[in-house]
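Written below as structure tokens is the structure these notes are about.
The values are calculated or read from the model by the stated rules, or taken from the named source; none is laboratory data. The shown structure was predicted, so the numbers you read here are calculated from the model rather than taken from an experiment. So basically every Cβ, Gly included, is an ideal-geometry build from the backbone, and we count neighbours across all protein chains shown.
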Amino acid sequence: MQLSRRDALAALSAAGAGSLAGCGAPTASRDAGASDGADGDTDGTPVGEHELSTLVAVAEAVYPSDVEGIPEFVRTYTGGRVDGGDAYARGVAEAVRELDEYAEEFYDERFAALSTETRAEALGYMSVDDVDPDPEGTDAERVRHYVVNELLYAFYTSPTGAGLAGLENPPGHPGGTESYRRGPDR
């Protein structure tokens, strides 16, 4: 299954990221003037290339294995979701930093440098699948809130991800009056 830029735009729309009308849509990239993630921000934008690479690495670990097009999808979604140095962007950058510290402590490498299987293992050992998401909580709760849940939300609110979960026509998406007038399939 192939994720597309259109999927990312649909997910951004569902997230309330504002109007995406027009010719172009935001994409997060180094060219946008973001930081490199190593020494802090250079222009007030804490989410740089390293953070984006880490988000892609997490998505590759938590999305279904047959999904393709993850890097472009995550970069497009993140570009629309992270705007400058707002609190959300700082939370994402801090969660990535915490994830890297955890990976370096146990695997001697940053999270994005690990294999896909080891990434999934690291997330499991960090217990991000067992904790409640909390932007002010423990390291695992912040990683769950800012990274894992955000990426899963983006995936399952996209048309491709929704189709995988059997939600091809979720509430709020086009379907016309016929979609709610039909009785249940028997």
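Could you list, in sequence order, all residues of the stretch 55-81 that are buried (at least 18 other Cβ atoms within 10 Å of the Cβ) and either over 13 Å from L151 (Cβ atoms) or polar (S, T, N, Q) (or both)?
Residues satisfying the conditions are T76, T78, G79, G80.
So S65 fits all but one of (1) without any contact (Cβ under 8 Å) to a residue 60 or more places away in the chain; (2) more than 21 Å from Q2 (Cα to Cα); what number is the exception?
S65 satisfies all of (1) without any contact (Cβ under 8 Å) to a residue 60 or more places away in the chain; (2) more than 21 Å from Q2 (Cα to Cα) except (2).
Would you mention how many residues in the stretch 82-104 are touching a Phe, Trp or Tyr at 6+ places or on another chain (Cβ under 8 Å) and either of a type outside the set (V, I, T) or surrounded by fewer than 21 Cβ atoms within 10 Å (Cβ to Cβ) (or both)?
Residues flagged as touching a Phe, Trp or Tyr at 6+ places or on another chain (Cβ under 8 Å) and either of a type outside the set (V, I, T) or surrounded by fewer than 21 Cβ atoms within 10 Å (Cβ to Cβ) (or both) within the stretch 82-104 amount to 8.
Filter the stretch 84-139 for residues that are assigned to a loop (DSSP other than H, G, I, E, B) and of a type in the set (A, V, I, L, M) and give the result.
L114, V128, V131
Out of (1) surrounded by fewer than 14 Cβ atoms within 10 Å (Cβ to Cβ); (2) touching a Leu at 6+ places or on another chain (Cβ under 7 Å), what's the single condition that is false for Y107?
Checking Y107 against (1) surrounded by fewer than 14 Cβ atoms within 10 Å (Cβ to Cβ); (2) touching a Leu at 6+ places or on another chain (Cβ under 7 Å), the one that fails is (1).
Across the stretch 1-20, which residue is farthest from L164 (Cα to Cα) among those that are modelled with pLDDT of 85 or more and in contact with an Asp or Glu (Cβ under 8 Å, 6 or more places away or on another chain)?
Selected residue: R5.
Does any residue in the stretch 140-159 that is more than 15 Å from A61 (Cα to Cα) come within less than 6 Å, Cβ to Cβ, of a residue that is surrounded by 23 or more Cβ atoms within 10 Å (Cβ to Cβ) and not charged (D, E, K, R) six or more places away or on a different chain, and which pairs are these?
A140/V128; R142/A95; Y146/V92; Y146/A95; T157/A11; S158/A11
Can you tell me how many residues in the stretch 124-152 are in contact with a helix residue (DSSP H, G or I) (Cβ under 7 Å, 6 or more places away or on another chain), surrounded by 14 or more Cβ atoms within 10 Å (Cβ to Cβ) and closer than 20 Å to R81 by Cβ?
Total satisfying the criteria: 10.
Of the conditions (1) at pLDDT 85 or above; (2) at positive phi, S65 clears all except one; give me its number.
Condition not satisfied by S65: (2).
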